[in-house]
1. Whether any residue in the range 181-192 is surrounded by 14 or more Cβ atoms within 10 Å (Cβ to Cβ), assigned to a loop (DSSP other than H, G, I, E, B), over 20 Å from the mean Cα position of the chain (by Cα) and not acidic (Asp, Glu) is what I want to check.
2. Looking only at the range 129-174, how many residues end up being free of Cβ contacts under 8 Å to residues at least 24 places away in the same chain, β-branched (Val, Ile, Thr) and either more than 26 Å from THR100 (Cα to Cα) or in contact with a helix residue (DSSP H, G or I) (Cβ under 6 Å, 6 or more places away or on another chain) (or both)?
3. Which one of these does SER287 not meet: (1) surrounded by fewer than 16 Cβ atoms within 10 Å (Cβ to Cβ); (2) under 26 Å from PHE317 (Cα atoms)?
4. Check off (1) over 26 Å from the mean Cα position of the chain (by Cα); (2) farther than 12 Å from GLN350 by Cβ; (3) loosely packed, with under 15 Cβ neighbours inside 10 Å for LYS302 and give me the number that stays unchecked.
5. Of all residues in the range 28-46, count the ones that are surrounded by fewer than 16 Cβ atoms within 10 Å (Cβ to Cβ) and of a type in the set (D, E, K, R).
6. Considering ILE346, ILE379, which residue is closer than 21 Å to GLN210 by Cβ and either in contact (Cβ under 8 Å) with a residue 24 or more places away in the chain or charged (D, E, K, R) (or both)?
7. Only one of these conditions is not met by LEU276: (1) surrounded by 12 or more Cβ atoms within 10 Å (Cβ to Cβ); (2) touching a residue at least 24 places away in the same chain (Cβ under 8 Å). Which number is it?
8. Are there any pairs, at least 6 apart or on different chains, whose C-beta atoms fall under 8 Å, with the first in the range 10-25 and surrounded by fewer than 17 Cβ atoms within 10 Å (Cβ to Cβ) and assigned to a helix (DSSP H, G or I) and the second modelled with pLDDT under 90 and of a type outside the set (S, T, N, Q), and if so, which?
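The values are calculated or read from the model by the stated rules, or taken from the named source; none is laboratory data. All figures in this text were calculated on a predicted structure; none of them were measured in a lab. Cβ atoms come from the backbone with ideal geometry, glycine included; neighbour counts cover every protein chain shown.
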Amino acid sequence: MSPVESSNVEKDIFRDTPVRFLGYANEVGEAFRSLVKPVVVKFSYVVAFGYVAADSVDKGFKESKKPHANDTEKAKRVAIIAVDTVLWQTFASVLIPGFTINRFCFFTNMLLEKSTKLPTNLRKWTVTALGLATIPFIVHPIDAFVEDAMNKTARKVSAMNRIIRGVIQYNQKIKAGLVKQFEHVSDHPNPTAVMFTCMDSRMLPTRFTQSAVGDMFVVRNAGNMIPAAPNYGSYSEVSINTEPAALELAVKRGKIRHVVVCGHSDCKAMNTLYQLHQCPTKFDVSSPMDQWLRRNGFESMKKLNERLHIGPKTMKFESEVAPSQSFEAIIDPMEKWSAEDKLSQINVLQQIMNISTHEFLKDYLEAGNLHLHGAWFNIYDGEVFLFSKDRKRFVVIDEKTVPSLSAELERRCPLPEDKAGDVVIQNLH
């Protein structure tokens, strides 16, 4: 969540406080059904439905306070929010969990009655205790089930409607702040890096780098790949692709001095590349995706085979066009990652090599006016890694490693007018 978004989040008394437990009153009533009069169980349902009604009124009221295009749109949105809340809470907090505890206690009582000789009163208390103990374990699964069911039914809208609704929220919460940033950047544009990263919807580079408007160019594709280009020169036919065009725009015209290639764990492109290697018959010559991965991931796959053969030992990444960009790497020295994630890390480094093959970048690289960096994002825990040429491995960026990583970058990327360590580390950390 961005700072702009987080500032608009307030505590929900019906979801984020002990008031939430009123929605489970009927489950408690069902657990005590064998010990209390029926009117008590009925009253527990009154409490639970009262909670549902109060929450729906609260959500509708909050929606009514938001800006809307007109009164008709406002009334429509309030009604939608209120009905959505009633449906969700009725099923997730009352009906389904109430029925679940009712049936659980019924069958538990039947089982104890047939298989034990417990006194009637003790048996009833045992059933009640087991029913109460079951409640915490059914809450989240039922919530998730109802949420998924409503998303597929009552809330089902087209993808474009979701985008449109997102734009409305943007207009209400974020636009004003961004416009001010746009005004500042239009007068003082100062991007410091270009990042090539994957198009995976879980990858949010501006979030985990905390980049503001105008800080960084971002180029995304399947597998964060940059085609190697031995034919990108003065005497060869120039192939037309987005990635080299972006490099030229950023480096030659935008004077950018840092290029970051950022991969990630559980990359679907890398998983597909690995599967194509494991089973070549799956390759579809008519598939743009398969062709893209095979053409630009072939060298990465070769290096993965080498890594799997030699184990966690030093591997060489060599650049013929710009020898100064060659380096060594130890991929996954602790054997922590799957073969596909190893491939993802190797691919980041291989794409750096691919960038170095572009002739129009050679002078920048050899003169030390352009620096290539490898980064990797762990989808599972949100940690960001930076490849350290000194340590020959990906190093997690945290408070402990920032000083040494910054020192390495400032030593390897000496730019008088630009603190390289700040450019890369502060953006990624």
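1. Yes - at least one qualifying residue is present in the range 181-192.
2. Total meeting the criteria: 5.
3. Among (1) surrounded by fewer than 16 Cβ atoms within 10 Å (Cβ to Cβ); (2) under 26 Å from PHE317 (Cα atoms), the lone unmet condition for SER287 is (2).
4. (2)
5. As a first pass, look at the range 28-46 and keep what is surrounded by fewer than 16 Cβ atoms within 10 Å (Cβ to Cβ): 35-40, 42-43, 46.
In the following step, the residues that additionally are of a type in the set (D, E, K, R) were identified as 37, 42.
So the answer is 2.
6. Details: ILE346 fails: closer than 21 Å to GLN210 by Cβ.
Just a single option satisfies the conditions, and that option is ILE379.
7. Tallying (1) surrounded by 12 or more Cβ atoms within 10 Å (Cβ to Cβ); (2) touching a residue at least 24 places away in the same chain (Cβ under 8 Å), LEU276 fails exactly one: (2).
8. Final answer for the pair search is VAL19/ILE13; ARG20/PHE14.
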